[in-house]
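Please read the structure below before turning to the comments.
The values are calculated or read from the model by the stated rules, or taken from the named source; none is laboratory data. Just so it is clear, the structure is predicted and the values come from calculations on it, not from any experiment. Note: ideal-geometry Cβ built from the backbone for every residue, glycine included; neighbour counts use all protein chains shown. Just the protein is used for accessible areas: all its heavy atoms, side chains included, with ligands, DNA and RNA removed. Shrake-Rupley method; radii C 1.70, N 1.55, O 1.52, S 1.80 Å.
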Amino acid sequence: MSIPSKFTPKTVEQKWYDYWTKNNYFQSRPDDRKPYTIVIPPPNVTGVLHMGHLMNNTLQDVLIRRARMCGYNACWVPGTDHASIATEAKVVHKLKNQGINKADIGREAFMEHAWEWTHEHGGIILDQLKKLGCSCDWERTKFTLDDDMSASVIQVFVDLYAQGLIYRGFRMVNWDPVAQTTLSDEEVIHEEHRGKLYHIAYAIEGSDQQVVIATTRPETLFGDTAVAIHPDDERHKELHGKKAIVPIVNRAVPIIQDEYVSLELGTGCLKVTPAHDENDKELGDTHQLAFIDIFNPDGTLNSQGLHYQGKDRFDVRKAVVKELEAAGKLVKIDDHVHKVGTSERTKAVVEPRLSDQWFLKMEDLAKPAIEAVEQGDVHLVPNKFINTYRHWMNNIRDWNISRQLWWGHQIPAYYYGENNEKVVVAPSKEEALKKAIADSGDATLTLEHLTQDEDVLDTWFSSWLWPISVFDGVNNPDNEEINYYYPTQELVTGPDILFFWVARMIMSGYALRDEKPFSHVYLTGLVRDAQGRKMSKQLGNSPDAIKLMETYGADGVRVGLLLSAAAGNDLLFDENLCQQGKNFANKIWNAFRLVQSWTVDEQLSACPTAAVGLAWYRAKFQHTLAHIDDHFAKYRISDALMATYKLIWDDFCSWLLEVVKPAYGASIDKDTYDQVCTLFEDNLRLLHPFMPFLSEELWHAFASRSTEEALIISDWPEQQSYDQDLLTSFAHTAELITQLRSLRKNQNISFKEAIQVLQTKEDKVSLKPLVLKLAHVESWSEVAQAPAQALSFRVNKQEYFVPVAASNLEEERAKMEEELSYLEGFLKSVEKKLANERFVSNAPQQVVAMEQKKADDARTKINALRKRLS
């Protein structure tokens, strides 16, 4: 079948994607084959494709396509995440632009707007993944708020509560004033900030004394309920039993003694704000102090902030400093670098805040998950992340799973009784009523007496069930699909969510099914720009993924990304990589056109020279296949692609096709042609996981294929034994040909002019038929001694001679003598510099070393030139 002169990805990509989906090649159902399962890390439902998605999903598609070709029942489950914080923020912003306040319209109306937004924007990213060529089983597409998925989440909450693992507690939590919700510890990013350390004087009640206390947050003094000192601190013995006066507030607070206070650091006095610092809360509990919450949910001060009520916390900080200074209470201000917690989602500075929240006990859940990774049941790739994983899991804290949002899974806890002091947990309100009646013995209770908890569950509480819930393993724990597909084989994700998601999925796997959720976790690096910066909209350094595919083709982008995507290492993205991928596609396209252009003569006998080349390439193919399979086994996907790239570009296109190609105007014998086509098809099999569109197009261009013969479901090549000596011979031969071509170029000998090759000892290595054809050698013989008028060179230990005219020799001699003269002069100047003691003593060591290397290199070149001249 003829193909156009140029490869145009647009005309190919949609055609073959439609063909694959129409023939259900992506679909998977349980059968007698071994399953190979990947669940997609679900992107935000309203998200769009970015560079991280491109790389992550390309890797998954490479793995799933190769598994399909290896005979596995390959199942790649797609889906999206409802992303509570991100989606709710977008809907709130949209309503605000319409003059609508979330609180004014109520939960039910807000949820209608949120669903409308989701239906309008949701799923865009999945359509974009199709353009990339992702071979997901789209009929399995899941959304974390689907009815069956939601039922799974609610049931797990109910079950864990019944086991005593979920509880409600009044605890210090991480509060995001922008999203106005709590965050888990893992959602808080601790970053170094350059701030100030304010030294404030607190008067001692009933005396002229004062103590100086240093703080980074002077605005929190409105919540101070004590000053703490160490009981053994001799500097403050006279303060025992006394009270301090909090500036501005003029509140008298006790001076407490606690060994928590350092004897060595600072002034030895601490302000204690139990409602807004975790360590202070512990002091407050120990000494039964008052807890004064000074903040509103949005980070402004409440009535406890006195005349600063309603003002933002950071504006209040500046104003309080001025007021303290005016009152003579500000002793000094120091520059101070310290770590500040910020929200992973909104980037807002997180506020420690006391609140009633729902928590999941993690200590017992973590134990089997730690064991699974340490014993290799779950294999992290690369394994450098094992220590990070172990450290975090061994220091795990209870998970705050409630969020003060409306978009998400509403917590199935129902309150009743006077002041709603009683609670029951059940999958539905009707079942909650039955429990409430049973617990209280009050048969007069009705649904109206029950009030459901307003909060929703952390998004990750649904995501941690993903490998189980997508196969309905919670609601129907013994169904055919969960028993067949679970545990899955691979998870491809970023190390930034190793704890948010990966660790929690491992914990849920053992907690719910007593089994790991996956065998391997392939941790990709971050995609950065060529300067090493993280890609972001603010920097404007993140390319439009769709435009990249339109410019370079999906296959070109896939190759460009994968060539630099070593596991666990950040990818320094350069658009030239995509151009390299596009060039590779064009190279393969043109190679097919070259083969297609040959005229086949069935009467011709097989060509002996071609037979040597074909035998070599079959061995080279097997040698490379063994390396590619090994790379895949070790998750070195970038290396597998590079091996494929070199095999096709260098070995197949640059060498084999040159060996077998008929002379201009001549025909090729059928046996050689058929073997070349077979090897080309084998190349396409190797290529398909990386470049699915191009490979499928050329596969069908070779022959008319039925749907059962499509490349996507063809067999991956099998490893066979090969002749290593043949590979060694060809490597020697290739170097010999390269040297002869270089000699022609240097001596201005036209390729049309045949040359002679002489040797003084037998050459048992070279594949002479290839040399004769590719270097245009008319004769090759062995002589007793080196000829007088000949240029010589070596390949390994074998020396070769090419007779040339005397004029050529004299020309070569003149060039070499000119170069020798230059090098000798250069060496003298360097040696003079090195003989200068002042230079050697004063110059940086690396500069001196560089000069010494220049001298050594010059001597080596001079010796080589003198030898060649002799």
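Checked against the criteria, Glu278 does not count as over 14 Å from Ala203 (Cα atoms), free of Cβ contacts under 8 Å to residues at least 40 places away in the same chain and open to solvent by 40 Å² or more (accessible area, probe 1.4 Å). Looking at this structure, is Asp315 open to solvent by 50 Å² or more (accessible area, probe 1.4 Å), without any contact (Cβ under 8 Å) to a residue 12 or more places away in the chain, more than 25 Å from Pro231 (Cβ to Cβ) and of a type outside the set (Ser, Thr, Tyr)? Yes: the conditions hold for Asp315. Residues of region 510-530 that are open to solvent by less than 10 Å² (accessible area, probe 1.4 Å), over 29 Å from Trp16 (Cβ atoms) and not in a loop (DSSP other than H, G, I, E, B): Phe518, Val521, Leu523.
Any chance you could count how many residues in region 779-822 are acidic (Asp, Glu) and closer than 18 Å to Thr760 by Cα? Within region 779-822, residues that are acidic (Asp, Glu) and closer than 18 Å to Thr760 by Cα number 2. In this structure, Glu454 qualifies as touching a residue at least 24 places away in the same chain (Cβ under 8 Å), open to solvent by 30 Å² or more (accessible area, probe 1.4 Å), under 30 Å from Leu405 (Cα atoms) and touching a helix residue (DSSP H, G or I) at 6+ places or on another chain (Cβ under 9 Å).
The residues of region 481-506 that are of a type in the set (Val, Ile, Thr) and assigned to a helix (DSSP H, G or I), listed by number, are Ile482, Ile497, Val502, Ile506. Report yes if some residue within region 171-183 is farther than 30 Å from Arg313 by Cβ and open to solvent by less than 10 Å² (accessible area, probe 1.4 Å); otherwise report no. No, because not a single residue in region 171-183 is farther than 30 Å from Arg313 by Cβ and open to solvent by less than 10 Å² (accessible area, probe 1.4 Å).
Among the residues of region 814-858, those that are in a loop (DSSP other than H, G, I, E, B) and either within 26 Å of Ser870 (Cα to Cα) or not small (Gly, Ala, Ser) (or both) comprise Asn836, Pro844. From the list Lys833, Lys853, Lys828, Lys797, the one residue that fits, being free of Cβ contacts under 8 Å to residues at least 60 places away in the same chain and under 30 Å from Trp780 (Cβ atoms), is Lys797. Note on region 377-387: among residues that are modelled with pLDDT of 95 or more and part of a loop (DSSP other than H, G, I, E, B), the one that is surrounded by the fewest Cβ atoms within 10 Å (Cβ to Cβ) is Asp377.
Considering only region 399-420, I want to know if a residue exists there that is at pLDDT 95 or above, open to solvent by 10 Å² or more (accessible area, probe 1.4 Å), out of contact with any strand residue (DSSP E or B) (no Cβ under 8 Å at 6 or more places or on another chain) and of a type in the set (Asp, Glu). No, every residue in region 399-420 fails to be at pLDDT 95 or above, open to solvent by 10 Å² or more (accessible area, probe 1.4 Å), out of contact with any strand residue (DSSP E or B) (no Cβ under 8 Å at 6 or more places or on another chain) and of a type in the set (Asp, Glu).
Screening region 689-793 for helices (runs of 4 or more DSSP H) wholly inside it with 1 or more residues that are more than 48 Å from the chain's Cα centre (by Cα) and modelled with pLDDT under 95 returns the ranges 724-747, 768-774. As a summary of the residue check, Ala86 satisfies the conditions (1) within 30 Å of Ala179 (Cβ to Cβ); (2) open to solvent by 30 Å² or more (accessible area, probe 1.4 Å); (3) in contact (Cβ under 8 Å) with a residue 40 or more places away in the chain; (4) among the small types (Gly, Ala, Ser) except for the one numbered (2). Among the helices (runs of 4 or more DSSP H) confined to region 409-479, the ones with at least 3 residues that are closer than 30 Å to Val77 by Cα are located at 459-463, 466-469.
In region 794-813, what count of residues is obtained for those that are surrounded by fewer than 12 Cβ atoms within 10 Å (Cβ to Cβ) and in a helix (DSSP H, G or I)? Give the steps one after another, and end with the answer.
Taking region 794-813 as the starting set, the residues that turn out to be surrounded by fewer than 12 Cβ atoms within 10 Å (Cβ to Cβ) are 794, 796-797, 805-807, 810.
Now restrict to residues that are in a helix (DSSP H, G or I): 806-807, 810.
Summing the residues that are surrounded by fewer than 12 Cβ atoms within 10 Å (Cβ to Cβ) and in a helix (DSSP H, G or I) in region 794-813 gives 3.
Just one residue in the set Leu834, Leu869 is surrounded by 11 or more Cβ atoms within 10 Å (Cβ to Cβ), more than 30 Å from Ser792 (Cβ to Cβ) and either modelled with pLDDT under 90 or touching a helix residue (DSSP H, G or I) at 6+ places or on another chain (Cβ under 7 Å) (or both); that residue is Leu834.
Could you please let me know if Gln846 is within 54 Å of the chain's Cα centre (by Cα) and not hydrophobic (A, V, I, L, M, F, W, C)? When the stated conditions are applied, Gln846 passes them. Screening Lys347 with (1) under 30 Å from Thr216 (Cβ atoms); (2) buried (at least 16 other Cβ atoms within 10 Å of the Cβ) gives one miss only, at (2). For region 294-314, the set of residues classified as over 15 Å from Val249 (Cα atoms), touching a strand residue (DSSP E or B) at 6+ places or on another chain (Cβ under 9 Å) and not β-branched (Val, Ile, Thr) consists of Phe295, Pro297, Asp298, Gly299, Gly310, Lys311, Asp312, Arg313, Phe314, listed by residue number.
Taking the condition of being β-branched (Val, Ile, Thr) and in contact with an Asp or Glu (Cβ under 8 Å, 6 or more places away or on another chain), how many residues in region 424-460 meet it?
Total meeting the criteria: 2.
Residues in region 16-51 that are within 30 Å of the chain's Cα centre (by Cα), surrounded by fewer than 14 Cβ atoms within 10 Å (Cβ to Cβ) and either assigned to a helix (DSSP H, G or I) or hydroxyl-bearing (Ser, Thr, Tyr) (or both): Asp18 alone.
Residues in region 102-123 that are open to solvent by 60 Å² or more (accessible area, probe 1.4 Å) and either among the acidic types (Asp, Glu) or at pLDDT 90 or above (or both): 7 in all.
Only residues that are of a type in the set (Val, Ile, Thr), assigned to a strand (DSSP E or B) and surrounded by fewer than 20 Cβ atoms within 10 Å (Cβ to Cβ) were counted in region 214-257, giving 2.
For Arg251, the conditions (1) more than 17 Å from Ala201 (Cβ to Cβ); (2) without any contact (Cβ under 8 Å) to a residue 40 or more places away in the chain are fulfilled apart from (1).
Applying the criterion of being of a type in the set (Gly, Ala, Ser) and modelled with pLDDT of 95 or more to the residues of region 52-71, the residue that is most open to solvent (accessible area, probe 1.4 Å) is Gly71.
Only one of the numbered conditions (1) open to solvent by less than 50 Å² (accessible area, probe 1.4 Å); (2) in contact (Cβ under 8 Å) with a residue 60 or more places away in the chain; (3) among the hydrophobic types (A, V, I, L, M, F, W, C); (4) in a helix (DSSP H, G or I) is not met by Leu656, and that is (2).
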